[in-house]
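Heads up: the structure comes next, in structure tokens.
The values are calculated or read from the model by the stated rules, or taken from the named source; none is laboratory data. Because the structure is predicted, anything quoted here is derived from the model rather than measured. Here the Cβ is made from the backbone with ideal geometry for all residues, glycine too, and neighbour counts use every protein chain on show.
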Amino acid sequence: MIVTIFVILLTISIFLIALGYAVGETAYSIIGFFFLFLLSVSIILPGNLEYKTGTEQIYEYGSNFTDYHWDQYMPGDEPSFNPSDDVAFLFHVHETDIYTAFDNASSHWFGLWLSIISGLGIAVSLVDIKRLIGGGNNE
């Protein structure tokens, strides 16, 4: 999972947890904690967090001008050349993104602690529901 997507989903789950406690509706907090638990499991399992470290550019050169390659140039900007020359022209630039993974022990420990915290949060929310259903007064 990409780090920016993880941070956005983490923010949404924290917002749901805060909304559940602010409004007093524990269903929102349970959904937020469950979502937080799913995010923590996505760190622990082999789908590690990834962040973009750069781009790789691959240049494609050639001297075989077919209709497809002529389309890359604006009319009048086509290169003039003698077909007998050994000249290569740039046809395409392919760009791919390079991602690096957080694949170390600290990311797995972070996922483990996040799952423990979310599990405890679900348990506390369920106790709150039980207290609300039971009347709230234990006198």
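The residues on offer are ILE44, ILE58, and the sole one that is surrounded by 12 or more Cβ atoms within 10 Å (Cβ to Cβ) and either at pLDDT below 85 or closer than 20 Å to ASP97 by Cβ (or both) is ILE44.
Just wondering, is there one or more residues in segment 8-27 that are under 11 Å from GLY121 (Cβ atoms), touching an Asp or Glu at 6+ places or on another chain (Cβ under 8 Å), part of a helix (DSSP H, G or I) and in the same structural domain as PHE110 (by TED's automatic domain parsing)? Scanning segment 8-27, I find at least one residue that is under 11 Å from GLY121 (Cβ atoms), touching an Asp or Glu at 6+ places or on another chain (Cβ under 8 Å), part of a helix (DSSP H, G or I) and in the same structural domain as PHE110 (by TED's automatic domain parsing), so the answer is yes. Just to be sure, is LEU36 in contact with a Phe, Trp or Tyr (Cβ under 8 Å, 6 or more places away or on another chain) and either modelled with pLDDT of 65 or more or among the charged types (D, E, K, R) (or both)? Judged against the criteria, LEU36 is not a match.
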